[in-house]
Amino acid sequence: MERSFLGTHFPKHIRDRYCEMIVDCHMHTPLCGHATGSPLDYLKVGNQKGIHLMTFTCHVPMRQPSFGGQRIRMDRNQLEDYFQLVEEARKQGKACGTEVLCGIEAEVFPVAEELEEMKALLQAHPFDFVLGSLHHQLKAYHDWLEDRKVVSDEDIIRDYFKHLANAAQSGLYHSMSHPDVIRIYGTIDPESFIPQRFETEIRGFLKACATSGTCMEVNTSGLSKGVYELHPDPLILDWAFEEGVDLTIGSDAHAPENVGRHFERVLPLLYSKGFRSLHYFKGGKKHSTAMSASIESASALECL
Ligand SMILES: [Zn+2]
Ligand SMILES: [Zn+2]
């Protein structure tokens with residue numbers, strides 16, 4: 001495969017204009033049961049779009065069916081297949097100039113004993129990158145809300161950000177993914193999610209990220225589904241900058257064509273908010289990549 005910048009989304013001038021390296025740190029494989037295309041297909045698209053580094057992050061295996069089972073996550077005995085698939089892509093990527101890393105999208109809450117088991121799994125495997133996600137749409141979380149009689153949208157939102165803050169402080173995750181995803185998938189009425197009303201809880205989460213060195217993910221998939229907005233809301237990005245939170249970025253691609261989706265709109269937005277670097281993890285170590293100074297000339301509004 002030849003290195004190519006002729007893809008439709010990241011021609012060379014865009015890459016040079018926006019970032020030292022274009023990195024996409026969140027994508028899936030068919031082992032999740034709800035994604036299509038092989039890692040090699042993702043690589044091909046990523047390479048054509050001029051992406052320098054991409055990290056696969058399939059959903060971590062969990063035993064209890066209330067975490068969704070094989071509809072949304074691989075089984076524990078498929079982990080070796082996962083490593084092998086990503087390794088094949090890594091080798092191909094090395095030949096064509098796109099680095100491929102192997103991460104995992106881990107769960108944040110709510111069944112303590114399951115999380116202990118998950119923690120052991122994370123520690124036993126050499127993942128480059130661990131995302132922390134609270135998938136509130138899962139039965140496990142709905143059961144937890146019901147048991148604690150957490151009913152109103154306001155209480156659900158407040159609890160959600162407290163769980164994210166605790167998770168950021170736990171040191172188990174490198175980056176907290178799709179941080180305001182609570183506003184889609186029906187657990188609350190999306191209209192209830194007005195960031196200003198939950199500033200204390202959201203800033204509590206952001207401070208937890210900043211003090212622990214845990215990153216927050218900017219997840220671009222929201223621009224194509226749900227309420228068609230970025231995760232997190234741009235106002236939360238302002239607060240994140242004020243609090244000194246480091247960012248990772250991910251497309252959350254579940255199909256090859258979605259790798260790097262919307263980055264050409266979101267990178268200028270991040271620059272306009274004050275961010276001057278993005279982060280990625282390799283072998284569990286944090287690396288940063290500078291945003292190009294010439295991004296300044298690209299207006300985020302022109303793109304969003
Ligand atoms: Zn997720
Ligand atoms: Zn995901």
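Out of the residues in the range 45-60 that are modelled with pLDDT of 95 or more and either crowded, with 24+ Cβ neighbours inside 10 Å or farther than 20 Å from Leu247 by Cα (or both), state the one that is farthest from ligand 2 (Cβ to nearest atom). In this case the residue turns out to be Met54. Condition (residue is free of Cβ contacts under 8 Å to residues at least 40 places away in the same chain, over 29 Å from Leu237 (Cβ atoms), out of contact with any Asp or Glu (no Cβ under 6 Å at 6 or more places or on another chain) and more than 16 Å from ligand 1 (Cβ to nearest atom)) applied to the range 151-174: is it met by at least one residue? Yes, the range 151-174 has at least one match. Restricting attention to the range 120-150, the residues being in a loop (DSSP other than H, G, I, E, B), within 16 Å of ligand 1 (Cβ to nearest atom) and touching a residue at least 60 places away in the same chain (Cβ under 8 Å) number 3.
Just one of the listed residues (Ile188, Ile182) is hydrophobic (A, V, I, L, M, F, W, C), over 29 Å from Val86 (Cβ atoms) and within 16 Å of ligand 1 (Cβ to nearest atom), namely Ile182. Quick check on Gly46: is it touching an Asp or Glu at 6+ places or on another chain (Cβ under 8 Å) and either part of a loop (DSSP other than H, G, I, E, B) or more than 15 Å from ligand 1 (Cβ to nearest atom) (or both)? Yes, satisfied. Would you confirm whether or not the range 73-83 contains a residue that is within 16 Å of ligand 1 (Cβ to nearest atom) and without any contact (Cβ under 8 Å) to a residue 40 or more places away in the chain? Checked the range 73-83: no residue is within 16 Å of ligand 1 (Cβ to nearest atom) and without any contact (Cβ under 8 Å) to a residue 40 or more places away in the chain.
Every listed requirement among (1) of a type outside the set (A, V, I, L, M); (2) under 18 Å from Thr220 (Cα atoms); (3) touching a Ser or Thr at 6+ places or on another chain (Cβ under 8 Å) is met by Gln48 save one, (2).
Scanning the range 207-226 for residues that are within 16 Å of ligand 2 (Cβ to nearest atom) and assigned to a helix (DSSP H, G or I) turns up Thr220, Ser221, Gly222, Leu223, Ser224.
Restricting the range 153-192 to residues that are within 13 Å of His231 (Cβ to Cβ) and not in a helix (DSSP H, G or I), the residue that is farthest from ligand 2 (Cβ to nearest atom) is Asp180. Contact map, the range 258-280: first residue under 10 Å from Asp24 (Cβ atoms), second residue in a loop (DSSP other than H, G, I, E, B) and at pLDDT below 95, Cβ cut-off under 7 Å, separation 6 or more or different chains; pairs are Val259/Lys49; Val259/Ile51; Gly260/His9; Gly260/Phe10; Gly260/Ile22; Gly260/Lys49; Gly260/Ile51; Phe263/Ile22.
Taking the range 15-43 only, how many residues are buried (at least 20 other Cβ atoms within 10 Å of the Cβ), in a helix (DSSP H, G or I), away from ligand 1 (no atom under 16 Å from the Cβ) and modelled with pLDDT of 90 or more? Total satisfying the criteria: 3. Selection of the range 106-119 for residues being outside any loop (DSSP other than H, G, I, E, B) and either within 18 Å of the chain's Cα centre (by Cα) or not small (Gly, Ala, Ser) (or both) yields Ala106, Glu107, Glu113, Glu114, Leu115, Glu116, Glu117, Met118, Lys119. The set of residues in the range 116-134 being over 20 Å from Thr55 (Cα atoms) and either acidic (Asp, Glu) or modelled with pLDDT under 95 (or both) consists of Glu116, Glu117. Taking the range 219-246 as the range and being buried (at least 20 other Cβ atoms within 10 Å of the Cβ) and touching a Cys at 6+ places or on another chain (Cβ under 6 Å) as the test, only Val245 passes. Note on the range 227-304: enclosed strands (runs of 3 or more DSSP E) holding 2 or more residues that are at pLDDT 95 or above and within 28 Å of Thr36 (Cβ to Cβ) are 247-250, 277-282.
The values are calculated or read from the model by the stated rules, or taken from the named source; none is laboratory data. Source: prediction; values computed, not measured. With ideal geometry, Cβ positions are generated from the backbone for all residues, glycine too; neighbour counts draw on all protein chains shown.
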